[in-house]
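Encoded as structure tokens, the structure appears first; notes follow it.
What follows is calculated from the coordinates using simple rules that are stated; it is not laboratory data. Note that the structure is a prediction, hence the values are computed from the model and not measured. When we count neighbours, we look across all protein chains shown, and the Cβ atoms used for this are built from the backbone with ideal geometry, even at glycine.
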Amino acid sequence: MTFNETISFLSDYLVSIRKLEDFISFDLKIPEKWGIPKSIVDEGKLIPFELDENGYKGYSFVCNISDLDIDSTIDKIKKTIKLNKDKEIKEKLFKETIDTLKKTFEKNDLEKLKNLYFDFKIEQSLIDDTEEGQISDDTELA
């Protein structure tokens, strides 16, 4: 990915890019409700900073100035963004499904509802997946 493509991808979150001696810092603003999984960020390479923008928090992703470290850090930032966006979409879908189900219960009589049946054909591996890719309050750094 070119530098321009990377900057374009981060444009909604990027505050600044700084050179600090032998290090580079990607300073980002992310929504307050987002989490950053510990599995994505190496200890000491994520530094919170004050941000004067309501609804957002600031983080500096710091790495050595080398192609490998910069690429790895950008990949971690992208993964964090993707996981959080996916979580937001899932929450929205869940709420929409609950609303639809609630309307179904409100509009139908009890006898019809007694025959209501749900059949979710989801692979067991998806249900048991508690590995990386899951974001919860206990995995957030800060």
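Values as computed for the structure displayed
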{"item": "Ranked by how many other beta carbons lie within 10 Å on average, peptides 20-33, 46-59 from highest", "result": "20-33, 46-59"}
{"item": "Computed magnitude of the charge dipole of the chain (debye, nearest 20; Cβ of K, R +1, Cβ of D, E -1)", "result": "620"}
{"item": "Neighbour net charge for Asn54 - beta-carbon separation under 12 angstrom, K R +1, D E -1", "result": "-1"}
{"item": "Full-extension gain in nm, Lys38 to Ile89, via 0.36 nm per residue minus C-alpha separation", "result": "16.2 nm"}
{"item": "Set of lysines with alpha-carbon distance to Lys121 below 26 Å, sequence-local pairs under 8 removed", "result": "Lys82, Lys85, Lys87, Lys90, Lys92, Lys95, Lys102, Lys103, Lys112"}
{"item": "Once the Cα gyration tensor of the chain is diagonalised, semi-axes √(5λ) in Å", "result": "40, 17, 13"}
